[in-house]
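Below is one structure, written out as structure tokens; the observations come after it.
The values are calculated or read from the model by the stated rules, or taken from the named source; none is laboratory data. The structure presented is a predicted model; accordingly, all values stated were derived computationally and were not measured. Cβ placement follows ideal geometry from the backbone for every residue including glycine, while neighbour counts extend to all protein chains displayed. Just so you know, the surface numbers come from the protein's heavy atoms only, side chains and all, with ligands and any DNA or RNA stripped out. Shrake-Rupley method; radii C 1.70, N 1.55, O 1.52, S 1.80 Å.
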Amino acid sequence: MRPIHHLFLFLLFLLCFPLILMAQQTGSVRGFLYDKDSGEPILFTPVYLKGTQYGTTTDVNGFYSITQVPPGSYVLTVSTVGYDTVLVNIEIAPNQVFSKQLYVKKAVVNLKTVEVSAEREARKTEVRTSVNKITPREIKNVPSIGGEPDLAQYLQVLPGVVFSGDQGGQLYIRGGTPVMNKVLLDGMIVYNPFHSIGLFSVFDTDILRNADVYTGGFPADYGDRISSVMDITTRDGNKRRYSGKFSATTFSGKLLFEGPIKKQKEDGGGSSTFLLSYKNSYLDQSSKVLYDYIDEDGLPFSFQDIYGKISLNGENGSKLNLFGFDFSDNAVFKDVTDINWKSNGFGSNFILVPKGSNTLIDGVFAFSQYKVKQSEANEPPRSSLINGFNFGFNLTSFINKDELKIGFEVLGFRTELYTNTITGLTYEQIENTTEFGSFIRYRISREKIVVEPSIRFQYFASLSEFSPEPRIGIKYNAFDKVRFKLAGGLYAQNLISSVSDRDVVNLFYGFLSGPESLPEEFNGKEVTSRLQRARDLIFGVEIDAARHLSVNIEAFYKKFTQLSNINRDKVYPDNGFYQDKPDYLTKDFIIEEGKAYGADLVVKYEYKRAYLWAVYSLTYVDRYDGIREYRPHFDRRHNVNLVGSYTFGKKLDWEFNVRWNFGSGFPFSGTAGFYEYQNFSGGLYTDPLSNNGDLGIVYGPLNQKRLPPYHRLDFSLRKTFVTGKNSNLDLTASAINVYDRENIFYFDRVRYQRVNQLPFIPSLGLSMTF
């Protein structure tokens, strides 16, 4: 281990040392904050002792803990937007933990007419560098394409995120490729969260509780990815009554049903619930009737998503969740390609609240897999599989406003890949991999500064490689309305994708573990590792420019010190017959390095019934493969998103949402010329003088040209009818690409034919909540 890692551990020990010395005559109060009507936890809400400086904010589970409180009588207070204020008299005794579950009732005041202040308070007590905390409320501010709001549509608006297109779209985050993004659903790994039509994710917005999306600088809680993390938590079923939702749109249909197995009593207590969500797209059929102006054969996309969850809740807040999912997708491009994938999994997570302790225990065990197969005209089929388990266990201790978290994780997975190289050679890989990880993170929160050092130790057993990864997050509250922040660290991962970074369009998305067929040297140095590695540094400033206006600016620099990529220059098999040939002509994969740097600007205005959001990203991405320096195909220099939402009407039952996106053109390689080449389909008996050859393409310099810029306007209009005490009917009209911009999808060089992204598509939707 390097000396810097020893120093980092020593400093971390000094920060944690107060835990050992604490023996003061103080007490604590802890518990969970719930919505009285549904029993669902209320997130990120201030809980404090009235008239004192003692207080905290609930976490994603609604948990709060206020420690090191002098003995005495206090008033435990909850005051948050949209709910009645709660005041509870409590008595704090020395060396004791007082447990209190809090239930708050929704206020009569409509949420659309009040100011949100808890979010602003949380910005002062958390580092929050390059992290977006997303709830269904935010997702519904973006136009509901197809009639239903979706996480995929919201993610495209986030700073630092580049979306590659409406068809087969993937997310590229601050210079990282999709395989560098880790997606967790209730702690379970999801390997492909997006459908072939890039407007939709596999997640049902109505079952989401929260999603933390880190575009960089994420803490040591997360490992085995070098670009970003998407940590999604689903809510529990309704604890008080049976409820649900039915929706039907021109794109898809959905059914959600939930309720108590054991009903929670009015004053709390234990309970058990279920939740079941089913989504199905029939766009491949409905488009033949409704959108035949696009293609008389219809749009080639269909999918199905199923998610189920059972929650067992203890009286003191401890709980056990059992969950499972089954996602599938199919895209059939007539006479071109047929691709389908299936993803499924099951698992369990728990929260344990020990009696008389300020420590929270949580853990997860899950198994998931992803299978994809592509059949192409005149090409052999390709397939990929990845499956495996992940197990994690964490301890979180609360010391006044500070927090210590320690955890470990075990992952095991199997990858299978069957594909062909650009020269027609077959490539196969079957690999079993095991990884062990552990981390420690300590957050110090003071009036002016929040410091959050952490370190992760990751051991890649199949590669026999150990990776210590120190990380840091800092926020400085310079003034009441101005805050500076910084985050950075070292990151490593094993998985790579079977998709080359140089491919403009590729719906086949397979996985491999660290490949063996790598060059022995790169850039004059011996290659000693099969891992992909990166270093990340982010600096930002938050400004409360006005009472309802906030500004966030972040500059970032990410150095990819080692990447693995498909070798598109390979000509010869990697065997003894061609050992005299250079590595770049024989190896299946190449080593690259690169960097991504730029800045993001976010401006938000939110007051009463209006919500405005402006996002601008400036990004530079480059790669060096040992021979040439080039811009990868997702290097988008400028990206702009403007989002607006307005609620109106006498009963505030109308809502209008609009989004405009502009992106500068992606790089591509020009066509330098064509030539005829013989494929020798007849073997040695092929006569090149009489046999017609195939058309070959001479490409220009790699990605030296740019496609035209992309821009698109979407909107949705929703009318809500109150049909009962607990039931609503929503009618939604929406449209994608309102002014029918011809955005390029790809260009067929041989046929000299341009294929565009989706044109103007209107849609209607109806949903009933009960």
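Quick notes on this one:
- Boolean, Lys245 is of a type in the set (D, E, K, R), more than 11 Å from the chain's Cα centre (by Cα) and open to solvent by 10 Å² or more (accessible area, probe 1.4 Å): yes
- Qualifying residue in the range 254-265 (condition: under 24 Å from Gln304 (Cα atoms) and in contact (Cβ under 8 Å) with a residue 40 or more places away in the chain): yes
- Selection of the range 667-697 for residues being modelled with pLDDT of 70 or more, open to solvent by less than 50 Å² (accessible area, probe 1.4 Å) and touching a Pro at 6+ places or on another chain (Cβ under 9 Å) yields Pro667, Ser669, Gly670.
- Residue list for the range 593-602, restricted to those being in contact with an Asp or Glu (Cβ under 9 Å, 6 or more places away or on another chain) and in contact (Cβ under 8 Å) with a residue 60 or more places away in the chain: Glu593, Gly594, Lys595, Ala596, Asp600, Leu601, Val602
- Odd one out for Ile306, checked against (1) farther than 12 Å from Ser328 by Cα; (2) under 22 Å from the mean Cα position of the chain (by Cα): (1)
- Spans of strands (runs of 3 or more DSSP E) in the range 588-667 with at least 3 residues touching a His at 6+ places or on another chain (Cβ under 6 Å) and over 28 Å from Glu542 (Cβ atoms): none
- Residues located in the range 615-641, provided they are hydrophobic (A, V, I, L, M, F, W, C) and either open to solvent by less than 70 Å² (accessible area, probe 1.4 Å) or within 19 Å of Ala555 (Cα to Cα) (or both): Val615, Leu618, Val621, Phe634, Val640
- Number of residues in the range 700-736 that are farther than 23 Å from Met768 by Cβ, of a type outside the set (Gly, Ala, Ser), loosely packed, with under 15 Cβ neighbours inside 10 Å and touching a strand residue (DSSP E or B) at 6+ places or on another chain (Cβ under 7 Å): the value is 2.
- Within the option set Arg533, Arg483, being in contact with a Ser or Thr (Cβ under 9 Å, 6 or more places away or on another chain) and either closer than 30 Å to Ala614 by Cα or not polar (S, T, N, Q) (or both) holds for one residue only, Arg533.
- In the range 452-470, the residues that are free of Cβ contacts under 8 Å to residues at least 60 places away in the same chain and assigned to a loop (DSSP other than H, G, I, E, B): Ala461, Ser462, Ser464
- Failed criterion for Ser664 (all others in (1) within 22 Å of Gly160 (Cα to Cα); (2) more than 24 Å from the chain's Cα centre (by Cα) hold): (2)
- Residue within the range 233-245 that is within 25 Å of Arg659 (Cβ to Cβ), free of Cβ contacts under 8 Å to residues at least 60 places away in the same chain and touching a Gly at 6+ places or on another chain (Cβ under 6 Å) present: no
Conditions (1) at pLDDT below 85; (2) on the phi < 0 side of the Ramachandran plot; (3) open to solvent by less than 10 Å² (accessible area, probe 1.4 Å), marked per residue:
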| position | (1), (2), (3) |
| --- | --- |
| Glu126 | yes, yes, no |
| Asn141 | no, yes, no |
| Pro149 | no, yes, no |
| Gly169 | yes, yes, yes |
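- Some residue of the range 550-566 being within 26 Å of the chain's Cα centre (by Cα), charged (D, E, K, R) and not in a strand (DSSP E or B): no
- Scan of the range 265-289 for residues that are within 30 Å of Lys182 (Cα to Cα), crowded, with 19+ Cβ neighbours inside 10 Å and not hydroxyl-bearing (Ser, Thr, Tyr), ordered by number: Leu275, Lys279, Leu283
- Annotation note: Cβ proximity below 8 Å between a residue of the range 269-292 that is acidic (Asp, Glu) and a residue that is open to solvent by 80 Å² or more (accessible area, probe 1.4 Å) and modelled with pLDDT of 90 or more (sequence gap 6+ or interchain) occurs for no pair.
- Residue match in the range 372-380 (condition: more than 30 Å from Tyr307 (Cα to Cα) and buried (at least 16 other Cβ atoms within 10 Å of the Cβ)): no
- Considering residues of the range 360-371 that are closer than 24 Å to Asn387 by Cα and of a type in the set (A, V, I, L, M) only, the residue surrounded by the most Cβ atoms within 10 Å (Cβ to Cβ): Ala366
- Applying the set (1) touching a Ser or Thr at 6+ places or on another chain (Cβ under 8 Å); (2) modelled with pLDDT under 55 to Leu43 leaves exactly one unmet item: (2).
- Filter result for the condition that a residue is of a type in the set (S, T, N, Q) and surrounded by fewer than 18 Cβ atoms within 10 Å (Cβ to Cβ), over Ser357, Ser311, Ser343, Ser302: Ser357
Conditions (1) more than 21 Å from Gly324 (Cβ to Cβ); (2) surrounded by fewer than 19 Cβ atoms within 10 Å (Cβ to Cβ); (3) aliphatic (A, V, I, L, M), marked per residue:
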| site | (1), (2), (3) |
| --- | --- |
| Asp204 | no, no, no |
| Ile226 | yes, no, yes |
| Asp236 | no, no, no |
| Lys263 | yes, yes, no |
| Tyr291 | yes, no, no |
| Ile294 | yes, yes, yes |
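- Residue match in the range 196-203 (condition: touching a Phe, Trp or Tyr at 6+ places or on another chain (Cβ under 7 Å), more than 28 Å from Lys371 (Cβ to Cβ) and of a type in the set (Val, Ile, Thr)): no
- Residues that are in contact with a strand residue (DSSP E or B) (Cβ under 7 Å, 6 or more places away or on another chain), hydrophobic (A, V, I, L, M, F, W, C) and either open to solvent by 40 Å² or more (accessible area, probe 1.4 Å) or under 19 Å from Tyr222 (Cα atoms) (or both) within the range 436-483 comprise Phe436, Phe439, Ile440, Ile449, Val451, Ile455, Phe457, Phe460, Ala461, Phe466, Ile472, Ile474, listed in sequence order.
- Subset of the range 584-612 (residues that are touching a Pro at 6+ places or on another chain (Cβ under 9 Å) and open to solvent by less than 10 Å² (accessible area, probe 1.4 Å)): Thr586, Phe589, Ile591, Gly594, Asp600
- Scope the range 65-91; condition in a strand (DSSP E or B) and touching a Pro at 6+ places or on another chain (Cβ under 9 Å); matching residues: Thr77, Val78, Glu91
- Of the residues making up the range 97-113, those that are modelled with pLDDT of 85 or more and surrounded by 13 or more Cβ atoms within 10 Å (Cβ to Cβ) are Val97, Phe98, Ser99, Lys100, Gln101, Leu102, Tyr103, Val104.
- First in the range 182-193 and farther than 14 Å from Val213 by Cα, second anywhere and in a loop (DSSP other than H, G, I, E, B), Cβ under 8 Å, 6 or more apart: Val190/Val202; Asn192/Val202; Asn192/Tyr509
- Residues in the range 188-226 that are assigned to a strand (DSSP E or B), within 21 Å of Lys279 (Cα to Cα) and β-branched (Val, Ile, Thr): Ile189, Ile197.
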